[in-house]
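Read the figures in this text as sums done on the coordinates, not as results from a lab. Predicted model only: the values in this text are computed from it and were never measured. We place every Cβ from the backbone using ideal geometry, glycine too, and count neighbours over all the protein chains shown.
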Amino acid sequence: MRRRVLYIEPAVSQHVDSIKGYLSQFKGPETDLEVTCLTEGPRHLEYYSYGSLVVPKILKIIKEAEKENFDAAIIGCFYDPGLRESREIVEKLVVTAPAEASMHIAATLGQRFSIIMGRSKSIPLMRENVIKYGFQDHLASLLPIGMEVLDLQIDPEETKRRIVQAAEKAIEQDGAKVIILGCTHQFGFYKDLQDTLGVPVIDVALAAFHYAEFLVDLRNKHGWYFDKKTEYQSPPQEEIEAWNLSDLF
């Protein structure tokens, strides 16, 4: 059975083709992948206000993806913006995101993980997500490398050098057994870093992609899907229509 997966860059992005080419190297033979991004709005989500601006756009893309018979959608930002909201409005579509997916995987591969992100600005929200997903006992540290999101792919060798410096501290001083690259724009670096560091290094875009494939298989084979009775119960259709919300999502 084929899987149709949509990867969403939840900002205006110049990396759509690069991400599609990168993820396509690893997709299963039964997976069809499409990558899209926003056509207007912020170029990154390093500020809470930017994240708030894009959530309505994400919801609309997610709803359209379900109408177009995709099996899964990935919200491609490590902040996981709009993840719970998206799961609430879908009926059968699998929705996942990098932070949730990579933490589940990392906690399976080793007892403690560290997250390496671009700027210290990201630490509070990342810590909130760690707690929200129930992984606080697995968190060794959150370490910034002093780079903005849009700079991470400009000089890959410099980016990797800074990641190695932070990751070595995480391993030697904080007791990390697994390293999570805490931004989707660190895609493509994990193999070199893993060879250098000698521990699992999680590429979060790739983790979310494989997690989406996995969740689709669980849904198709066993009927295991999000809790639509309580936590992810959809808003009543009569309210959506009465309040003229249909055009929003």
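Some values worked out for this structure:
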| quantity | calculated |
| --- | --- |
| Qualifying positions in the stretch 122-144 - part of a helix (DSSP H, G or I) and either among the aliphatic types (A, V, I, L, M) or within 14 Å of the chain's Cα centre (by Cα) (or both) | Ile123, Leu125, Met126, Asn129, Val130, Ile131 |
| Close pairs (8 angstrom Cβ cut-off, 6 or more residues apart or separate chains): under 17 Å from Arg119 (Cβ atoms) in the stretch 164-193, aromatic (Phe, Trp, Tyr) and part of a helix (DSSP H, G or I) anywhere | Leu181/Tyr190 |
| Selection count, the stretch 122-134, where residues are small (Gly, Ala, Ser) and either buried (at least 16 other Cβ atoms within 10 Å of the Cβ) or closer than 23 Å to Glu46 by Cβ (or both) | 1 |
| Close pairs (8 angstrom Cβ cut-off, 6 or more residues apart or separate chains): over 26 Å from Leu152 (Cβ atoms) and in contact (Cβ under 8 Å) with a residue 12 or more places away in the chain in the stretch 43-68, part of a helix (DSSP H, G or I) and β-branched (Val, Ile, Thr) anywhere | Leu59/Ile89; Lys63/Ile89 |
| Residue count, the stretch 182-205 (criterion: surrounded by fewer than 24 Cβ atoms within 10 Å (Cβ to Cβ) and either among the aromatic types (Phe, Trp, Tyr) or within 9 Å of the chain's Cα centre (by Cα) (or both)) | 3 |
| Those residues of the stretch 168-178 which are out of contact with any Pro (no Cβ under 7 Å at 6 or more places or on another chain) and buried (at least 24 other Cβ atoms within 10 Å of the Cβ), in sequence order | Ala170, Ala176 |
| Qualifying positions in the stretch 136-151 - among the acidic types (Asp, Glu) and without any contact (Cβ under 8 Å) to a residue 60 or more places away in the chain | Asp137, Asp151 |
| Residue count for the stretch 200-249, restricted to those that are of a type in the set (S, T, N, Q), touching a helix residue (DSSP H, G or I) at 6+ places or on another chain (Cβ under 9 Å) and closer than 18 Å to Arg4 by Cβ | 0 |
| Any hit, the stretch 69-77, residues being over 17 Å from Leu206 (Cα atoms) and under 16 Å from the mean Cα position of the chain (by Cα) | no |
